[in-house]
Every structure is written in structure tokens, then in C-alpha cells.
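The values are calculated or read from the model by the stated rules, or taken from the named source; none is laboratory data. What you are looking at is a predicted structure, and each value in this text was computed from that prediction instead of being measured. All Cβ positions, glycine included, derive from the backbone under ideal geometry; neighbour counts span all protein chains shown.
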Amino acid sequence: MRATKCTCVAALLVTTVFAQDPVAKGIEEFRQGSYAAAKTTLEQALKQNPGNLHARAFLALSRAATGGCDSAANDLTAVYMGQNSDLRRLAGLALSATWRTIA
């Protein structure tokens, strides 16, 4: 009984976070392999906040995963030029894989 209550509370908290943070929702969709859904969610998030590098990075990865390597490369380059070292590393690795795919 207690585990069921905890599960319900956790599900409610996750739903609330996603409702308030479309970037978190998009990243979770990406993590689950729902690349088309992640792409849609993250595009909407970037309309609200065009400077969000987390949204831009995972949008690029979602685009690459759905065959849009050319458009992904532009966003990955923008992320790579940012100041966040973790995102720079992620973008650099993804760019190297993207260029191998394009070439």
C-alpha cells in the first residue's frame, strides 16, 4: 500500500515538473527514444526561450535521430560555441558523429 502511494506521488510530481518545464519533458522523451515527440516538444520550448542551450542540444540530437543531420549540425555548432562545458562536450561528440554520417 505504501509503495503504491509513493509511486502515485512520484508520478504526480513528474507530471507537474513536465507541465512546468517543457525542456525537461523533451529531454525525457528523447531519453525514452521518442525522438519525434522530443523534437516537437523542444521546438516549442525554444520558441518560448530561444537561448536555452539544453533545449537546443537535445533538439539537435532528436533531429539527428530522425534523419535531420544537416539541421542538427547547425544547432550542435551553436551549442558547442556556448559556455557550458558539459553541453560543449556533448555537442562536440555529436558533431563528430554527425559529420561521419553526412560524409
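The table below lists the values:
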item: Of the criteria (1) modelled with pLDDT under 90; (2) outside any helix (DSSP H, G or I), which one Ala73 fails; result: (2)
item: Close pairs (8 angstrom Cβ cut-off, 6 or more residues apart or separate chains): buried (at least 18 other Cβ atoms within 10 Å of the Cβ) in the range 71-84, among the aromatic types (Phe, Trp, Tyr) and at pLDDT below 85 anywhere; result: Ala73/Trp99
item: Residue satisfying all of: in the range 32-52; more than 19 Å from Gln20 (Cβ to Cβ) and part of a helix (DSSP H, G or I); farthest from the chain's Cα centre (by Cα) among these; result: Ala36
item: Restricting the range 25-70 to residues that are of a type in the set (Asp, Glu) and modelled with pLDDT of 90 or more, the residue that is surrounded by the most Cβ atoms within 10 Å (Cβ to Cβ); result: Glu29
